[in-house]
Amino acid sequence: MLEVSGLHVSIGATPILRDVAMSVPASSMCGLIGRNGAGKTTLMRAIMGGLKVTAGKIEFEHTDLTRTHPHRRAHIGIGYMPEDRRLVPELSAEENIMLPVFATGIEDAASRLEWIYGLMPEVQEFRQRGATQLSGGQQKFVAFARALMIGTQLLMLDEPSEGIAPVFAQRMVEILRDLKGEGLSVLVAESNDTHIADLLDHTFVIERGAIIESR
């Protein structure tokens, strides 16, 4: 599904990722585990086309993403939840979730939204509230739902439980558990795998911009 090989990424003159190699098989849930500053966000941003690749290859379903315009990720079924949520404050929760639909015109969006609300009923309850009226945990749920809206093949979640109350973090784990049976490929970046270890099919440990362990 997703294959990263020999990946090098620099930000300015500073090398961040060094010879990263990892594989996310179809229908699997994988963890990208590392401390803050280890390179998790940089790797996800590189996969999404937000950072230029210095060397190496990122292949998704036989498509070379290093040669693909960043906006095409949404069109080929890759959903991304950034750590800082990136909601549009002027829009409601549901409008934020629907942003990928407005941008790509994906088919059957209504049924996809209904499926997401079935998976995350709490989001349906506050769908009409403005993004700025939501708590940090609720905003994370909206960002998660937005990624699900477009992530029909691959879902990438950058620290979904970071900076939110324990009750929201536990609920995130429950949602991930429910997703296990949906056939999605999922890559979850976290500082540790304490709460999700039993959900992961594969784990990649990243440190100082390099994968130091794969299990």
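What are the residues in the stretch 156-189 that are in contact with a Gly (Cβ under 7 Å, 6 or more places away or on another chain) and not aliphatic (A, V, I, L, M), if any?
Those that are in contact with a Gly (Cβ under 7 Å, 6 or more places away or on another chain) and not aliphatic (A, V, I, L, M): GLY163, PHE168.
Does any residue of the stretch 188-195 turn out to be in a loop (DSSP other than H, G, I, E, B), open to solvent by less than 70 Å² (accessible area, probe 1.4 Å), at negative phi and touching a Phe, Trp or Tyr at 6+ places or on another chain (Cβ under 9 Å)?
No, there is no match, as no residue in the stretch 188-195 is in a loop (DSSP other than H, G, I, E, B), open to solvent by less than 70 Å² (accessible area, probe 1.4 Å), at negative phi and touching a Phe, Trp or Tyr at 6+ places or on another chain (Cβ under 9 Å).
Could you tell me which residue of the stretch 118-135 is most open to solvent (accessible area, probe 1.4 Å), considering only residues that are touching a residue at least 12 places away in the same chain (Cβ under 8 Å) and assigned to a helix (DSSP H, G or I)?
THR132
Can we say PHE168 is within 22 Å of GLU95 (Cβ to Cβ), in contact (Cβ under 8 Å) with a residue 12 or more places away in the chain and open to solvent by 10 Å² or more (accessible area, probe 1.4 Å)?
Here the answer is yes, as PHE168 does meet what is asked.
Residue by residue through the stretch 196-214, note down the ones that are out of contact with any Phe, Trp or Tyr (no Cβ under 8 Å at 6 or more places or on another chain) and of a type in the set (D, E, K, R).
ASP198, ASP201, GLU207, ARG208
Identify, from the list ALA165, ALA147, the residue that is among the small types (Gly, Ala, Ser) and within 17 Å of the chain's Cα centre (by Cα).
Just one listed residue meets the conditions, ALA147.
Take VAL205 and tell me if it is open to solvent by 10 Å² or more (accessible area, probe 1.4 Å), in contact with a Gly (Cβ under 8 Å, 6 or more places away or on another chain) and β-branched (Val, Ile, Thr).
yes
In the stretch 196-215, which residue that is closer than 14 Å to LEU157 by Cβ and assigned to a loop (DSSP other than H, G, I, E, B) is modelled with the highest pLDDT?
Checking each candidate, the answer is LEU200.
Please go through the stretch 151-162 and pick out each residue that is over 11 Å from the mean Cα position of the chain (by Cα) and of a type outside the set (Gly, Ala, Ser).
Answer for the stretch 151-162, where residues must be over 11 Å from the mean Cα position of the chain (by Cα) and of a type outside the set (Gly, Ala, Ser): THR152, GLN153, GLU162.
Give LEU32, LEU91, LEU7 a once-over and let me know the one that is touching a helix residue (DSSP H, G or I) at 6+ places or on another chain (Cβ under 8 Å), closer than 26 Å to HIS195 by Cβ and not small (Gly, Ala, Ser).
None of the other options fit; the residue is LEU32.
Considering every residue within the stretch 67-84, establish whether at least one is aromatic (Phe, Trp, Tyr) and over 16 Å from the mean Cα position of the chain (by Cα). Before the answer, list the steps.
First, pick out the residues of the stretch 67-84 that are aromatic (Phe, Trp, Tyr): 80.
With the extra rule that they be over 16 Å from the mean Cα position of the chain (by Cα), the set shrinks to none.
No.
A quick yes/no check of all residues on (1) in contact (Cβ under 8 Å) with a residue 12 or more places away in the chain; (2) open to solvent by 70 Å² or more (accessible area, probe 1.4 Å); (3) closer than 21 Å to ILE76 by Cα:
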| position | (1), (2), (3) |
| --- | --- |
| LEU148 | yes, no, yes |
| MET156 | yes, no, yes |
| MET172 | yes, no, no |
| GLY183 | yes, no, yes |
| VAL186 | yes, no, yes |
| ASP198 | no, yes, no |
| ARG215 | yes, yes, no |
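The values are calculated or read from the model by the stated rules, or taken from the named source; none is laboratory data. Just so it is clear, the structure is predicted and the values come from calculations on it, not from any experiment. Note that we place each Cβ from the backbone using ideal geometry, even for glycine, and neighbour counts take in every protein chain shown. Keep in mind that these areas ignore ligands, DNA and RNA; they rest on the heavy atoms of the full protein, side chains included. Shrake-Rupley method; radii C 1.70, N 1.55, O 1.52, S 1.80 Å.
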